[in-house]
Every structure is written in C-alpha cells, then in structure tokens.
Amino acid sequence: MNQPLGHDDIALLIEQAAETGDLGLLRHLADAGSKDALDHLVESAAEQADEQDPARTAGRR
C-alpha cells in the first residue's frame, strides 16, 4: 500500500526537480500546496526571463 510522502521526501523531490529543470514536477508540487516548489518555479521563471532579455539584469546591477 502506498504511503503519503513525508516533508523530507517532498523536499528531496523539489531539490531534484530544481537541479534537473523539471518544471512540470515543480508545478505539480506547487499545485499540491508546496510553497518551496512555487518559490523554485518563480526563481526559474525569473532566470529564463533574464536569459531571454539581458537588458532586464542590466537594471538590477
């Protein structure tokens, strides 16, 4: 029988998803209520926007 994931299990999944760029898993975990996964998604989106528009980062430096 499947047991629910514990906090440590979810933290590990989030870490692995962030390292591999698995945005689908991060979104799934965020949709399930994980604030940490949502934070990683926001950070990933900001990084992608910076890569697409280098002028965005010029204003922050």
How much net charge surrounds Ala37 when only the other residues with a Cβ under 12 Å from the Cβ of Ala37 are counted, with Lys and Arg +1 and Asp and Glu -1? -4
What's the angle, to the nearest 10 degrees (0 to 90), between helix 7-20's Cα axis and the longest principal axis of the chain? 40 degrees
Which value in deg cm²/dmol, rounded to the nearest 500, describes the helix-derived mean residue ellipticity at 222 nm for the chain, given -39,500 (n - 2.57) per DSSP H run of n ≥ 4 and division by the residue count? -22500 deg cm²/dmol
Taking the chain as the region of interest, what is the percent of Cα-Cα pairs per 10 angstrom bin, listed from the shortest bin to the one with the maximum distance? 22, 43, 23, 10, 3, 0
For the chain, averaging the sequence separation of alpha carbon pairs under 8 Å that lie six or more residues apart and dividing by its residue count, the contact order in percent is 20 percent
Please list, in order, the residues from region 1-41 whose amide nitrogen is less than 12 Å from a point placed 7 Å along the Cα→Cβ vector of Glu47. 15-23, 40-41
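Every read-out reported here was derived from the displayed coordinates using simple, explicitly stated rules and does not represent laboratory data. A quick note: this is a predicted structure, and the numbers were derived from the prediction, not measured. Here Cβ is always computed from backbone atoms with ideal geometry, including for glycine, and neighbour counts include all displayed protein chains.
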